1. Would you call residue 185 crowded, with 21+ Cβ neighbours inside 10 Å, aliphatic (A, V, I, L, M) and closer than 27 Å to residue 26 by Cβ?
2. For the range 1-106, give me every one of the strands (runs of 3 or more DSSP E) that falls completely inside it and has 1 or more residues that are of a type in the set (Phe, Trp, Tyr) and in contact (Cβ under 8 Å) with a residue 40 or more places away in the chain.
3. With respect to residue 133, determine if the residue is within 10 Å of the chain's Cα centre (by Cα) and under 16 Å from residue 52 (Cβ atoms).
4. Within the range 148-172, how many residues turn out to be more than 15 Å from the chain's Cα centre (by Cα) and either β-branched (Val, Ile, Thr) or closer than 22 Å to residue 24 by Cβ (or both)?
5. For the range 82-102, indicate whether the set of residues that are in contact with a helix residue (DSSP H, G or I) (Cβ under 7 Å, 6 or more places away or on another chain), of a type in the set (Gly, Ala, Ser) and surrounded by fewer than 19 Cβ atoms within 10 Å (Cβ to Cβ) is non-empty.
6. When you check residue 140 against the structure, is it without any contact (Cβ under 8 Å) to a residue 60 or more places away in the chain and closer than 22 Å to residue 13 by Cα, yes or no?
7. Among the numbered criteria (1) of a type outside the set (D, E, K, R); (2) more than 12 Å from residue 139 (Cα to Cα); (3) within 17 Å of the chain's Cα centre (by Cα), which single criterion is violated by residue 184?
Amino acid sequence: MRRRGALVVVDVQVDFCPGGSLPVPEGDLVVPVLNRYLKIFSDKGSPIFATRDWHPSDSRHFQTLGGNWPVHCVQQSPGAFFHPDLALPEGTIIISKGMSRWDNGYSAMEGMTDNGTPFPMLLRRMALDRLFVGGLATDYCVKETVLGALKDGYLVTLLTDAIRGVNLSPTDSDQAIAEMTGAGAVVATLATLRESIC
């Protein structure tokens, strides 16, 4: 049976790009690559999802309240919006995560749409069984999204030319990719992506 796939763009937000409050090194370099993927999937009529951290100002995720990270991606703040050069097509479905003060919001599989539909429920309703994942950051939200989707039974393709990592330790991204592929993810780039993506 032909698999039906979707593109998942993870957290390409202002705060995660250079100049933001929690910048991923070279995070903005994923934008032109993702724009090419967005055109490919849009031209084929495949669903496109864009995830975002959407934290409350009093999130326990933040260092100011005992968490691990600087304040970032606070709901409706300039840093929470998508990178201005990210060309999300009309019809892109936004998935928000980390919306409660206790929720770290790493995995898109724990996110929901604006009307409150959990992302996994939406994927089932849309009869999708294959996800192509790129974005930020390799060693956190990309990794947790991929591992969560694999755990839920999805075939996952990691778009390795469209990811960048935080790399608190120099090998964090490499280790994250190894963990994802070890769990069953396959890898692709623009140069190797097969035509049968839908």
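Read-outs throughout are calculated quantities, based only on the coordinates presented, and are distinct from any laboratory measurement. None of these values were measured; they are calculated from a predicted model. Cβ: placed from backbone, ideal geometry, glycine included. Neighbour counts: every protein chain shown.
1. Numbers: crowded, with 21+ Cβ neighbours inside 10 Å: yes; aliphatic (A, V, I, L, M): yes; closer than 27 Å to residue 26 by Cβ: yes.
Taking the combined requirement at face value, the residue satisfies it.
2. Those strands (runs of 3 or more DSSP E) span 48-53.
3. Values: within 10 Å of the chain's Cα centre (by Cα): yes; under 16 Å from residue 52 (Cβ atoms): yes.
When the stated conditions are applied, residue 133 passes them.
4. The total comes to 6.
5. Yes; the residues of the range 82-102 include at least one that is in contact with a helix residue (DSSP H, G or I) (Cβ under 7 Å, 6 or more places away or on another chain), of a type in the set (Gly, Ala, Ser) and surrounded by fewer than 19 Cβ atoms within 10 Å (Cβ to Cβ).
6. yes
7. Just one mismatch for residue 184, condition (3).
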